[in-house]
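Engineer: Provided herewith is a single structure, encoded as structure tokens, for subsequent inquiry.
The values are calculated or read from the model by the stated rules, or taken from the named source; none is laboratory data. Every value quoted in this text rests on a predicted model; they were computed, and no experiment measured them. Methodologically, a virtual Cβ is constructed for each residue, glycine included, from the backbone with ideal geometry; neighbour enumeration extends over all protein chains shown. Keep in mind that these areas ignore ligands, DNA and RNA; they rest on the heavy atoms of the full protein, side chains included. Shrake-Rupley method; radii C 1.70, N 1.55, O 1.52, S 1.80 Å.
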Amino acid sequence: GSGTLDSYPLIADQTNATLGSDEVANGTFASDTDWTKTGSWVIENGLASCSDASGQYNYLTNTNRPVLGKTYKLTFTVSNYVSGGVVVRAGSVNGVTRTANGTYTEYITTLDTEHFRARSINGFVGSIDNFTAELVNGNPAIMTNQTASDIENGSPYANLIQNTNFTDSSEWSVAGW
């Protein structure tokens, strides 16, 4: 790969590893629009903030929805962190629970068309900003515990040499050996 996605568990078409436009409406929280809030979420001063002392799951739900089966690059910033955690979602698929200030990126493949969301966990007290969801174009596929030998022939990245463990003489010319 080009290094573009190497820090994520993702195989992507790196010859066309482009991103679509941002699918989240008002992810900068410039106004109190395009989001439904439950619990203690509020939108003000360009931030979505939560003061969830109850420890209940509270949702911040965008009006836009992901497309079923597509992979999205979700990015967001946590600030003013005090306690608990916050997780972003594309549909019903959660990203990683974040428990510190910083800018985070998640790659999520959707299983349904529920909304883009942020969810408070374990008494989240803090803010989020700059929530984006960009469609990963090309031919993405999630990879878990794979090696180069797991890529099937036909891919330009496949290991084209077969029978590399020499279990028999197939695929090799053995004259003189």
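Engineer: If you scan the range 51-77, which residues turn out to be aromatic (Phe, Trp, Tyr) and either free of Cβ contacts under 8 Å to residues at least 60 places away in the same chain or under 21 Å from GLY20 (Cβ atoms) (or both)? Spell out the reasoning first.
Structural biologist: Going through the range 51-77, the residues aromatic (Phe, Trp, Tyr) turn out to be 57, 59, 72, 76.
Those that are aromatic (Phe, Trp, Tyr) and either free of Cβ contacts under 8 Å to residues at least 60 places away in the same chain or under 21 Å from GLY20 (Cβ atoms) (or both): TYR72, PHE76.
Engineer: On the given criteria, is TYR57 within 16 Å of PHE131 (Cβ to Cβ) and in contact with a Gly (Cβ under 9 Å, 6 or more places away or on another chain)?
Structural biologist: no
Engineer: Looking only at residues that are surrounded by fewer than 18 Cβ atoms within 10 Å (Cβ to Cβ) and of a type in the set (Val, Ile, Thr) in the range 61-74, which one is farthest from ALA25 (Cα to Cα)? Show your work before the answer.
Structural biologist: Quick first cut of the range 61-74, residues surrounded by fewer than 18 Cβ atoms within 10 Å (Cβ to Cβ) only: 63-65, 67-69.
Filter again for of a type in the set (Val, Ile, Thr), leaving 63, 67.
On the way: THR63: 7, VAL67: 15 Å.
Per the stated criteria, the residue is VAL67.
Engineer: Continuing with this model, one more query. Taking GLY27 as meeting all but one of (1) outside any strand (DSSP E or B); (2) farther than 18 Å from ASN101 by Cα; (3) under 17 Å from the mean Cα position of the chain (by Cα), write down the number of the exception.
Structural biologist: The one condition GLY27 does not meet is (2).
Engineer: So how many residues does the range 36-58 have that are open to solvent by 50 Å² or more (accessible area, probe 1.4 Å) and either of a type in the set (A, V, I, L, M) or modelled with pLDDT of 95 or more (or both)?
Structural biologist: Going residue by residue through the range 36-58, those that are open to solvent by 50 Å² or more (accessible area, probe 1.4 Å) are 36-39, 42, 44-45, 51, 53-54, 56-57.
Those left that are additionally either of a type in the set (A, V, I, L, M) or modelled with pLDDT of 95 or more (or both): 36-37, 42, 44-45, 53.
Within the range 36-58, residues that are open to solvent by 50 Å² or more (accessible area, probe 1.4 Å) and either of a type in the set (A, V, I, L, M) or modelled with pLDDT of 95 or more (or both) number 6.
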